1. Could you work out the equivalent-ellipsoid semi-axes for region 167-252, taking the square root of 5 times each eigenvalue of the Cα gyration tensor, largest first, in whole Å?
2. Less than 15 Å Cβ to Cβ from THR326, Lys/Arg counted +1 and Asp/Glu -1: what total charge do the surrounding residues give?
3. Ignoring ligands, DNA and RNA, what accessible area per residue does the chain give at 1.4 Å, in Å²?
4. Cα convex hull of region 229-325: how many Å³ per residue?
5. Cα gyration tensor of region 200-249, axes a ≥ b ≥ c as square roots of the eigenvalues: rounded (a/c below 1.5), prolate (a/b > b/c) or oblate?
6. Relative contact order, percent, of region 199-327 when contacts are C-alpha pairs under 8 Å separated by at least 6 residues?
7. What is the local net charge at GLY129, summed over the other residues whose Cβ is closer than 11 Å to its Cβ (Lys, Arg +1; Asp, Glu -1)?
8. Give the long-range amide H neighbours of THR92: residues separated by 5 or more places, or on another chain, with amide H under 5 Å away, using H modelled in the peptide plane at 1.01 Å from N.
Amino acid sequence: MSDITPLDSVGEFGLIRRIQDTITLRQPSTKLGIGDDAAILAPPAGHEIVISTDMLVEGVHFDLTFCPLKHLGYKAVAVNVSDIAAMNATPTQLVVAVSIGARFSVEAVQELYEGMRLACEAYDVDLVGGDTTGSPGGLTISITALGQVAAGKAVRRSGAGPNDLICVTGDLGGAYLGLQVLEREKQAWQADPETQPELGKYPYVLQRQLRPEARMDVIHELRDLGVVPTSMIDISDGLASETLHLCQASGTGARIFSENLPIANPTLEVAEEFNLDPIMCMLNGGEDYELLFTVPLAAHALLKNHPDITIIGHMVEKSEGSNLVTKSGQPVPLRAQGFNHF
């Protein structure tokens, strides 16, 4: 059994030095990273900076009973990069603040930051600073992500108009069903600590829950195709909720066709096992971190055969409302039933 190093044996600055030693800077716009009172950034001329902050709180956003710290570190970065992607921007830097309870060892914190380091490498992002502090309870991670976009090219939620096509990347519902599997196995373990979790059958949905990926790949592909979304948002709280956000900001309604919603076969199988409606899982599950965006009708020819983009409906006049259209043609009003903090 390896030695465990208590946090108080290295102190805050010793911990920071250990983290700093693992950081590699990649972005030309990063002039100074960790080690001073503040980082120094110099974005290129003709670009604007986009900023987003996201907080993950133990017991609210994650459960360390089944969430490995390395996966958590990766996910914490990915969900912030996803917000930058949703603005049609390129992520460049991160600032990370962590509040850590005394039960965590130095090695545990290093494992968390190793996940962050891997994500920074995957998304070509620099970790340039932050803060560490003790906590009387659990673990809290707050990340501020910065990105760059050519001036005037950021995509907001408010630019969609009637007849714009509604598109989604990837597939939906997997993260929600991965959480159902993890919660079930946790309950079985709590009832009998000798029980071994049965997770081997569920690699896809567990990956979707524990280590999601931000869809920067699609952002780059849309640029290469010359397609500029008219509105965009990432799917953190469920497709229905995010569609309503776009409609509210753009002053439109929406028609989404249930038969067009993308779901992976492993996700469908788990939904059937749990006796859950796949449509509900896709509409309200959340945490897929796919991109939901609208494009002009003229972009149809460019996107209709894209292997990782699905056209699921179109925007309509606000007076027509926002509806899911069933296979029988029946409109059902969309309801925001995703996660709500308050």
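1. Numbers: eigenvalues 251, 53, 11 Å².
One finds semi-axes of 35, 16, 7 Å for region 167-252.
2. Net local charge, THR326 excluded: +1.
3. Per residue, the chain has 47 Å² of solvent-accessible surface.
4. 98
5. Details: a/c = 3.85, a/b = 1.38, b/c = 2.79.
Oblate.
6. 41
7. Taking every Cβ under 11 Å from that of GLY129, the sum is -4.
8. LEU146, GLY147, GLN148
The values are calculated or read from the model by the stated rules, or taken from the named source; none is laboratory data. Keep in mind the model is a prediction, meaning the values are calculated, not measured. We place every Cβ from the backbone using ideal geometry, glycine too, and count neighbours over all the protein chains shown. Keep in mind that these areas ignore ligands, DNA and RNA; they rest on the heavy atoms of the full protein, side chains included. Shrake-Rupley method; radii C 1.70, N 1.55, O 1.52, S 1.80 Å.
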